[in-house]
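Please read the structure below before turning to the comments.
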Amino acid sequence: MFISDFAIKRPLITVVAMLALVGFGLVALFQLQTDEFPEVQPPVVLTTVIYPGASPEQVEREVLEPIEEAIQSISGVKKMEGEARDGFAQIITTFVYSKDLQEASQEIRDAIGTKRQDLPQEIEEPILRKFNPTDAPIVTLGLSSTTLSPAQLTLLADPGITRELRAIPGVADVSVTGSVKRELTVNLDPQRLLSAGISVPQVVLALQQGNLAVPVGRVNGALDERTIRLRGRLDGPQDFMALVVAETGGRVGRLGDVATAEDGLEEPRTLALYTG
């Protein structure tokens, strides 16, 4: 009986191959880096458009629907969810994983730009954020005081503390919850407006133009150049009451003649609690 050399060597080759696979497996086990929870950034962009004073129906009709129509034309859009609320709209756009997130954000911004002439003039600049479920707060700080007012504590937190925290390497974002900001309220008297012959748009225009701090020119010296800045910010209610809103027939009409100004706090939109 004759046995070929190939038949004898075949089991030996199989054993060598198995040993080689075991060897490569051991090397991979100790050399390759593994992560039980790898960080995967999904291609999701959150777009927020603020439309002050608009109802949800108005936001949906004038802002949400045109922007959604513009975003749908972008290639790679997998899913889109929009929501209209009181004063703002939010759109969550999910792209396919092959889509570059930076490129997707820029395309959304460009798409909104093409519709800008059809959107209301009152809307603010759209805010685009890359949505990532892993972007949860790592550290939460609570501030309280027995001597500072809520408005003063808010100024201490933002921009004071938040500016320092954002300067720390590795900090992506810092947000403040429960802030209370100062607000000056102007209460118009319809009867006094009618008697003085002053309209509401005149008052609004006077408030916009009379409460400014803008550069108005430059002064050139022999070796330097300086900017002249108009310091027209009004500080308190008395300053606003003395503001000229109209001048008819040589008679000056001031804000105090048709309205009252009150120094207070804006309506809180968030609340922060500590130990109850």
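Mind listing whichever residues of the range 227-238 are outside any loop (DSSP other than H, G, I, E, B), at pLDDT below 80 and surrounded by 10 or more Cβ atoms within 10 Å (Cβ to Cβ)?
ARG229, LEU230, PRO237
Taking the range 243-259, which residues are crowded, with 18+ Cβ neighbours inside 10 Å and aliphatic (A, V, I, L, M)?
If the condition is that a residue be crowded, with 18+ Cβ neighbours inside 10 Å and aliphatic (A, V, I, L, M), then LEU243, VAL245, ALA246, LEU255, VAL258, ALA259 are the ones that fit.
Cβ-Cβ under 7 Å, sequence separation 6+ or interchain: first residue in the range 148-172 and under 22 Å from GLU267 (Cβ atoms), partner surrounded by fewer than 13 Cβ atoms within 10 Å (Cβ to Cβ) and charged (D, E, K, R). Which pairs?
Close Cβ pairs satisfying both conditions: none exist.
Looking at LYS115, is it in contact with a strand residue (DSSP E or B) (Cβ under 9 Å, 6 or more places away or on another chain) and either surrounded by 13 or more Cβ atoms within 10 Å (Cβ to Cβ) or of a type in the set (D, E, K, R) (or both)?
No: the conditions fail for LYS115.
Pick from the range 177-187 the residues that are surrounded by 15 or more Cβ atoms within 10 Å (Cβ to Cβ) and either of a type in the set (Gly, Ala, Ser) or at pLDDT 85 or above (or both): which of them is farthest from PHE240 (Cα to Cα)?
Of everything passing the filter in the range 177-187, GLY178 is farthest from PHE240 (Cα to Cα).
Could you tell me which numbered condition GLU57 fails, if it satisfies all but one of (1) within 19 Å of PRO42 (Cβ to Cβ); (2) surrounded by fewer than 18 Cβ atoms within 10 Å (Cβ to Cβ)?
Here GLU57 clears every test but (1).
Can you spot a residue in the range 241-261 that is within 30 Å of the chain's Cα centre (by Cα) and touching a residue at least 12 places away in the same chain (Cβ under 8 Å)?
No, the range 241-261 contains no residue that is within 30 Å of the chain's Cα centre (by Cα) and touching a residue at least 12 places away in the same chain (Cβ under 8 Å).
With the requirement that a residue be touching a residue at least 40 places away in the same chain (Cβ under 8 Å), part of a strand (DSSP E or B) and within 18 Å of the chain's Cα centre (by Cα), what does the range 79-108 give you?
PHE88, ALA89, GLN90, ILE91, ILE92, THR93
Just a yes or no: is a residue in the range 50-63 closer than 16 Å to ARG109 by Cβ, assigned to a helix (DSSP H, G or I), of a type outside the set (Gly, Ala, Ser) and at pLDDT 75 or above?
The answer is yes, given that some residue of the range 50-63 is closer than 16 Å to ARG109 by Cβ, assigned to a helix (DSSP H, G or I), of a type outside the set (Gly, Ala, Ser) and at pLDDT 75 or above.
Test each condition in (1) modelled with pLDDT of 85 or more; (2) under 30 Å from THR154 (Cα atoms); (3) among the aliphatic types (A, V, I, L, M); (4) surrounded by 11 or more Cβ atoms within 10 Å (Cβ to Cβ) for ILE168 and report the one that comes out false.
Among (1) modelled with pLDDT of 85 or more; (2) under 30 Å from THR154 (Cα atoms); (3) among the aliphatic types (A, V, I, L, M); (4) surrounded by 11 or more Cβ atoms within 10 Å (Cβ to Cβ), the lone unmet condition for ILE168 is (4).
With the checklist (1) modelled with pLDDT of 85 or more; (2) in contact with a strand residue (DSSP E or B) (Cβ under 6 Å, 6 or more places away or on another chain) in hand, flag the one item SER73 doesn't pass.
(2)
The values are calculated or read from the model by the stated rules, or taken from the named source; none is laboratory data. All values derive from a computational prediction rather than experimental measurement. No Cβ is skipped: glycine too gets one built from the backbone with ideal geometry, and neighbour counts run over all protein chains shown.
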